[in-house]
Amino acid sequence: MFLITGADGQLGQELRLLLKDNAVCVGHRDLDITDAAAVKNFMAAQKFNAVINCAAYTAVDQAETDAETARRVNVDGPRNLAACGLPLIHISTDYVFDGHGCRPYREDDAANPLQIYGKTKRDGELAILQTAETAVIIRTSWLYSGFGSNFVKTMRRLGSERETLNVVFDQTGTPTYAADLAAAIIAVLPQIVPGRREIYHYSNEGVCSWYDFAREIMRLSGFKCRVAPIESKDYPTPAARPSYSVLNKAKIKHDFGLNINHWQESLQQCLKKLS
């Protein structure tokens, strides 16, 4: 039996579909992971084989003015889960990098987050590495699915309402379909090596800008909305974004034998479900 925290989010709901009765799924109302005593008591009441932590404070811009909450959820929560002694799979982010690189980031590249969100996610990684007996940290990027709020669903809504959309073209990365990531996590679970703590990267294959991503969403959706490229300076946000955050997936493919879909293939699969 597995415990999924943050089970109401995009990834958590995809994991629910795959694990079915083999998982106990909790959201914030069921278990406050920032409360160490609550986590300890919850774990003591049930026997789990592993914990999959999908809980996170992901409001990137809001974190700039709500750093305390972001830190509790992204640092204290993972530390509390790691302290329970169970194998832990934890989801992190490409935002731990500053985006100043020009080749896909490896797991051992230096982290240098540009914003509070990225800093708290990096500190959460470090807390796990220092506390857990066994842990797999998976950094991912540009997550979307048929659940919750995300870029794909927002673009489809706006594309059906407007004739033109402006989208930044100078931020480059890789979209990740949450269903693919969930399947990868299921494949990793039985292969986790006891006593090891490792960081891995996972996204779909390929590279694109948000502008390219938006154009493909419109094309596959059959919308006539025109997507216009703009620079990040023309769409200012409270939190800085990395201009380049492509992730190198060689390590996770080698260690766990994963085959990863190209982002365009996975986007097509997601849009079929949404339609």
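Yes or no: Pro78 crowded, with 19+ Cβ neighbours inside 10 Å, more than 30 Å from Asp170 (Cβ to Cβ), modelled with pLDDT of 95 or more and in contact with a His (Cβ under 7 Å, 6 or more places away or on another chain)?
yes
Of note, Leu17 satisfies the criterion of being out of contact with any Phe, Trp or Tyr (no Cβ under 9 Å at 6 or more places or on another chain) and over 17 Å from Asp76 (Cα atoms). If the condition is being touching a Pro at 6+ places or on another chain (Cβ under 6 Å), of a type in the set (A, V, I, L, M, F, W, C) and within 21 Å of Pro238 (Cβ to Cβ), then the range 116-168 contributes only Trp142.
Do any strands (runs of 3 or more DSSP E) entirely within the range 86-195 hold 2 or more residues that are within 28 Å of Ser275 (Cβ to Cβ), and if so, which?
Strands (runs of 3 or more DSSP E) meeting the threshold: 164-168.
Checked against (1) in a helix (DSSP H, G or I); (2) open to solvent by 50 Å² or more (accessible area, probe 1.4 Å); (3) farther than 24 Å from Leu15 by Cβ, Tyr211 passes all but condition (2). Taking the range 239-275 as the range and being basic (Lys, Arg), in contact with a Gly (Cβ under 8 Å, 6 or more places away or on another chain) and either at pLDDT below 95 or farther than 29 Å from His100 by Cβ (or both) as the test, only Lys273 passes.
Looking across the range 251-266, the residues that are under 28 Å from Ala111 (Cβ atoms), in a helix (DSSP H, G or I) and in contact (Cβ under 8 Å) with a residue 24 or more places away in the chain come down to Lys251, Ile252, Asp255, Phe256, Trp263, Ser266. Select, from Ala59, Ala37, Ala50, Ala63, the only residue that is within 16 Å of Asp123 (Cα to Cα) and of a type in the set (Gly, Ala, Ser). Result of the check over Ala59, Ala37, Ala50, Ala63: Ala63.
Starting from the range 146-161, keep only residues that are on the phi > 0 side of the Ramachandran plot, then list their pairs with residues that are assigned to a helix (DSSP H, G or I) whose Cβ atoms are within a distance under 7 Å, requiring at least 6 positions of separation or different chains. Every condition considered, the pairs that remain are Gly148/Gln10.
Only one entry of Asp35, Asp21, Asp61 meets the criterion of being under 17 Å from the mean Cα position of the chain (by Cα), charged (D, E, K, R) and farther than 15 Å from Phe147 by Cβ, and that entry is Asp61.
As a summary of the residue check, Thr5 satisfies the conditions (1) out of contact with any strand residue (DSSP E or B) (no Cβ under 6 Å at 6 or more places or on another chain); (2) hydroxyl-bearing (Ser, Thr, Tyr); (3) over 30 Å from Pro236 (Cβ atoms) except for the one numbered (1).
The values are calculated or read from the model by the stated rules, or taken from the named source; none is laboratory data. Here the structure is a predicted model, which is why all the values come from computation and not from measurement. Cβ atoms come from the backbone with ideal geometry, glycine included; neighbour counts cover every protein chain shown. Remember, those area values only see protein heavy atoms, side chains included, never the ligands or the DNA or RNA. Shrake-Rupley method; radii C 1.70, N 1.55, O 1.52, S 1.80 Å.
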